[in-house]
1. Which of the trypsin sites (Lys or Arg not before Pro) found in segment 296-358 are loop residues per DSSP with 13 or fewer other Cβ atoms within 10 Å of their Cβ?
2. List the lysines whose Cα sits under 25 Å from the Cα of K213, skipping any in the same chain fewer than 8 residues away.
3. Answer with a single label: of [x] 52, 35, 25; [y] 39, 32, 26; [z] 44, 38, 23, which was calculated as semi-axes √(5λ) of the Cα gyration tensor in Å from the structure in view?
4. Size of the dipole of segment 442-584 about the Cα centre, Lys and Arg at +1 and Asp and Glu at -1 on the beta carbon, nothing else charged, in debye to 20?
5. In what sequence, highest mean first, do 144-154, 248-258 appear when ranked by Cβ atoms within 10 angstrom?
6. Restricting attention to segment 673-716, which GluC sites (Glu not before Pro) occupy a DSSP loop and are surrounded by at most 14 other Cβ atoms within 10 Å?
7. What is the magnitude of the charge dipole of the chain about its Cα centre, with +1 placed on the Cβ of each Lys and Arg, -1 on the Cβ of each Asp and Glu, and no other charges, expressed in debye to the nearest 20?
8. Among DSSP beta bridges lying fully in the chain, give the percent that are antiparallel, nearest 5.
Amino acid sequence: MSAIENVSRRGFLTGLVAVGGLVLAARFYPEIAGHERAPGSNQADLAKLHPNVFLGINPDGTVYIVAHRSEMGTTSRTSLPLVVADELDADWKLVKIDQAIGDAKYGSQNTDGSQSIRGFYDVMRVAGATGRLMLIQAAARQWGVDPAECTTEMHVVVHAATNRRLGYGELATAASKLPVPAKEVLKFKPKSEWRYVGKGSPSYDLEALCTGKAVFGMDAQLDGMLYASIEHPPVLGGKVKSVDSQEALKVAGVRQIVPIDPYQPPPAFQPLGGVAVIADNTWAAFQGRKKLKIDWDNGANESYDSEAYKKELQETARKPAKVVRDEGDVDAAFAKGGKIIEADYYVPLLAHASMEPMVALAEFKDGRATLWAPTQNPQAVQDIVSKELGIAKENVICHVTLLGGGFGRKSKPDYVAEAAVLSKKLNKPVKVVWTREDDIKFDYYNAVAAMHLKAAVSDKGIPSAWLQRSVFPPITSIFDVNAVYGDPGHLQQGWTDIPYDLPNLRVENGPAKAHVRIGWLRSVANIYHAFAVQCFTDELAHASGRDPVDYQFGLIGKPRIVDLKNTNYPNYGAPYDLYPIDTARLIRVMQMAADKGGWGKRKLGKRAGLGFAAHRSFLTYVATVVEVEVDDQGEIKIPRVDTVVDAGLVVNPEATRAQFQGAAVFGTSVVKTGEITATKGAIDQSNFQDYPVARMSEAPYQTNVYLVESDAPPAGVGEPGVPPFVAALCNAIFAATGKRIRELPLSKNQLV
């Protein structure tokens, strides 16, 4: 097994001084947790008291809590362990976090869909409460008292009647000999006694991040490892016809050229195929790759042109399509005449463009694949690597490093599979490193979408009929080559779950064939669906001379539960009984946002305006007011954003506010510059010069986030902030300029 050690900067410099002279090369080997231990073991597993897979306590008082979800700046690696520590009554200073490998015993590890807290809050409470009860029982036995007479304070069990106290470390061995209590006998701490939940904590990794000790995917290294850079087919489904590698092999440091087989449709998470340049370092691999001469067979998708495809989608959106929700009689209502208002909306393909491009290290040895990767889904890594290598899933060990951003891209582990395939071919550890250009050109893009909305309104602007039709290549196309319609899960996202109380409503979905890999990106279908619905709502309000906020209150109607329980419309995977569509909560965040944002009260300058939008996604209710200023050259500034969030129980408030502040920056990029296009099947964009993200000068100057106190169960916070911000910004631009934004990105629109 390769030796791995953690070298501090001080130790590194000391070593350089000791050897003296000119140092031509030096290697930094960061700690790769778990590599020296048996597969699946971690400090929690090895602890003396180990009542469940998430918790371990040692006789020295150290508490180990397993983080089974991935950390990419959302603090899930902090917030979920905080729940365990709270129920355990543990001293956070004595807690150490163990990052889990991919393993089904932890439940879902797919850190996507804003599900970490929602999906595992109760599980973590049980984990902590179980440990606390066992410690209490151990202390009660030692004292010869009834466990009911004992309680806990921070990291100690207390018998108040005799003023006796025992620390958790002192009790760990005795508690380990007791049977693990059933969930039914556990008693959870009341809210009044919570130490951490609702109060939060800075990121557990903050010091490591600030001092450079944090281990990301690029930091992982093994003795004898090689580096690979892959030239992928420029068009999805393309294959190598011929390759001339003579010049590439002349580059110093290049070892060899290795072909990778093209995927077998559908692509799913398979390697795309192509030609890998294997070298001693990334520089050599990149330079050698530039010297390759490849003749490609681009296949059927070479006919794909994004501008022609856009027109195709828009034409489809104007034609009758598959009905996915139907209430009342829309056709009869439209036939009665009256004022008809129609509008078309369009959002292009979007790339993830996280700061850290794809990278993965793999070692195939003795029939086992061991991997280190910044992945959002180590279990998906196990699945695809086991299939690609033809080995059992239990022989795939995936260690999860920190992620330099993800946004959903890193839940799709094609890049990890590439490293595994190459390691098996070469019988050496291989690190695959993607460039920024690879990241942009070979993404799983958020779907391009065209939407058509139509309403019949009275003289007062009240809709008697509402039709909305959406057309987009579905995510399911990466798993099914014949998929052309949206699946229920993504149609639900801001489309079939529209909360308006309308007498006649029809929701439709048209077919669209995918020509690139489609995947989930932060907020997914909510981005384009909320953009269309909320901007159309604003249009109807202005057309009727009504205030947009008051108008939307009228569309929602009296507080009620939108009853979709007996339909096939999903609810982000949650039961409607526990997470109903409650318009009272939506109304509340709307009222608060209007108040906090000074709606109708603030005096604004010339070519300045406020925009409003409200949206429920990932079980969270969000309303946003955006202030915008547009100068005479059409440049926009966003002086202020006010967002109100009802996400149910919030474990880590400051981290939650940060997510919605980040959503405003992310949404700014979507509106201003987010666009992926293709010519002859190949993606046109390549880097930040042609796929820019918002710079500091473009981001909102001030983003105020207000969290609603709620006793509802926890809901998502990573994704729900983007959809209402996008729509509110576009509505604010209309308020400032009188120019309606129906197509993104904003660079396509003239605001002068």
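1. Counting only loop positions with at most 13 other Cβ atoms within 10 Å, the trypsin sites (Lys or Arg not before Pro) in segment 296-358 are K336.
2. Leaving aside lysines fewer than 8 places away in the same chain, those within reach of K213 are K93, K96, K410, K431.
3. Computed from the coordinates, semi-axes √(5λ) of the Cα gyration tensor in Å corresponds to [z].
4. Its charge dipole is roughly 220 debye.
5. The densest-packed peptide leads the list: 248-258, 144-154.
6. Passing both the DSSP loop test and the Cβ count: E709.
7. The dipole of the chain has a size of about 440 debye.
8. Among the beta bridges of the chain, antiparallel pairing accounts for roughly 75 percent.
Only the coordinates and a few stated rules stand behind these numbers; no lab work does. In this text the structure is predicted, and so the values were computed from the model without any measurement. Ideal geometry is used to build each Cβ from the backbone, glycine not excepted, and the neighbour counts take in all protein chains shown.
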